[in-house]
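The values are calculated or read from the model by the stated rules, or taken from the named source; none is laboratory data. Remember, it's a predicted structure, so these values are computed and weren't measured experimentally. Virtual Cβ from ideal backbone geometry, glycine too; neighbours counted across all protein chains shown.
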Amino acid sequence: MEIWSTQVAEEKKTNIDPGERATKQVLERQADFIAKEPVMAFVINAMPEIVVVTNKQRQVVFANDALYKFIDTADPSLIVGLRPGEALGCAHAVGSEGGCGTTEFCEACGAAQTFLAGLNGISSTNECLITRADGGEALDLRIWGTPFVSGGEEFTFAIIKDISHEKRRKVLERIFFHDIMNTAGALRGFAEVLTLVPPEKIDGIRQNIFNLAETLIEEIAAQRDIHAAENHELSPEFEPVQGLPLLHEVACQYSNIEISKEKSIAVDEGAEDAMIDTDVTLLRRVIGNMVKNALEAAGPGETITLGSRKTEKGLDIWVHNPNFIPDSIRRLIFKRSFSTKGKSRGLGTYSIKLLTESYLRGSVWMETDEKEGSTFTIQVPFVS
């Protein structure tokens, strides 16, 4: 078997992986060789997950139908020669000079680590979160890589699996158990106090127990609705709703939760009222998540503010907190599984976007400034 030339193009600057690329002639030979291996080609195309074979320069020389279906093309010439991140539309790979594996973001990328291990003759499995250049939903991926030598050439055989559902399930479970245990613990605490306090203070304890029971029910319902929304099973019920009273209701409700201690919640004096067409339960949940996120970002003694303003397209409802969000976080803020609050805690802002844009016929955006702080805004339609 002929040992092909490994002539490469000019080397580029890199942060983690070699930046050089194989010439077009070498790529064509490698792609043709893999395609003509009948057993390998059959096995690769029979697999339901994305499979790629990359060369020593980490360029794709063969891919299966699952990848072509994912990127909506049947033309191998659009794939051969690309690196995996480029084929999958990674924003960091597409926007850099050296491409996939050569940027500062690649240093922590599980995909880059897998293919780098393959270059060193090591099998490995890693996970990565890919932010897509087209603005689409971020990809949670698990990559298995195995190096092999054929025809005197070194390759890496990699299986790429979308684990978004697995990640979502873990996040939902962690959030559910974390929040429900906190509320249940507080409920038990007040129940214990109820047996010890004098009669004249019982009414206040009773009210706290009632509020916590309401919160417990709300948390269970919220998890149910997010699960239904993720599975496209949520059916909103639209009705005319007065916007400003709902803001005051949410502000009052969240003034009594644990994370609001030593912090203040206010409704802006200039908040405008309007009749909106919405599902009041889902909208209350969205605004509540906006408030909770703002409270978690705020420090002791700080105030978060709710407000609303009428526009030509609908009612803008906003929540402001005094803290700045850096660009590195802002770019990922609405992505599923991303959070600054710890592992597997990233459904807060994601659920705001999911419920508002997919079910409430609205839109979501955020603005942040080092001096002014951060404002999350949703827009919901007026009653027509």
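For (1) in contact (Cβ under 8 Å) with a residue 40 or more places away in the chain; (2) farther than 18 Å from Asp140 by Cβ; (3) in a loop (DSSP other than H, G, I, E, B); (4) hydroxyl-bearing (Ser, Thr, Tyr), each residue gets a yes or a no:
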{"residue": "Phe42", "(1), (2), (3), (4)": "no, yes, no, no"}
{"residue": "Arg58", "(1), (2), (3), (4)": "yes, yes, yes, no"}
{"residue": "Ala66", "(1), (2), (3), (4)": "no, no, no, no"}
{"residue": "Gly98", "(1), (2), (3), (4)": "yes, yes, yes, no"}
Original post:
Give me the pairs: first residue in segment 373-384 and touching a residue at least 60 places away in the same chain (Cβ under 8 Å), second residue small (Gly, Ala, Ser) and part of a strand (DSSP E or B), beta-carbon distance under 8 Å, and six or more apart or on different chains, which are they?
Top reply: Ile378/Ser363; Gln379/Ser363
**OP:** Could you identify the single residue in Leu129, Leu139 that is in contact with a Phe, Trp or Tyr (Cβ under 8 Å, 6 or more places away or on another chain) and on the phi < 0 side of the Ramachandran plot?
**Re:** Leu129
Original post:
Could you say which residue among Ser363, Ser374 is at pLDDT 90 or above, touching a His at 6+ places or on another chain (Cβ under 9 Å) and in the same structural domain as Pro240 (by TED's automatic domain parsing)?
Top reply: Ser374
**OP:** State all residues of segment 72-113 that are in contact with a Phe, Trp or Tyr (Cβ under 9 Å, 6 or more places away or on another chain) and of a type in the set (D, E, K, R); if no residue qualifies, say none.
**Re:** Asp75, Arg83
Original post:
Tally time: how many residues in segment 281-304 are without any contact (Cβ under 8 Å) to a residue 40 or more places away in the chain and either assigned to a strand (DSSP E or B) or of a type in the set (Asp, Glu) (or both)?
Top reply: 1
Original post:
If you take the residues in segment 348-372 that are of a type in the set (Gly, Ala, Ser) and in contact (Cβ under 8 Å) with a residue 24 or more places away in the chain, which one is nearest to Asp277 (Cα to Cα)?
Top reply: Gly362
Original post:
Across segment 219-241, what is the number of residues that are without any contact (Cβ under 8 Å) to a residue 24 or more places away in the chain and closer than 28 Å to Glu272 by Cβ?
Top reply: 0
Subject >> Failed item in (1) crowded, with 17+ Cβ neighbours inside 10 Å; (2) assigned to a loop (DSSP other than H, G, I, E, B), with Asn126 passing the rest >> reply: (2)
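Taking the options Ala271, Ala297, name whichever one is modelled with pLDDT under 90, farther than 16 Å from Arg361 by Cα and not assigned by TED's automatic domain parsing to the domain that holds Ala186.
Criteria check complete, one pass: Ala297.
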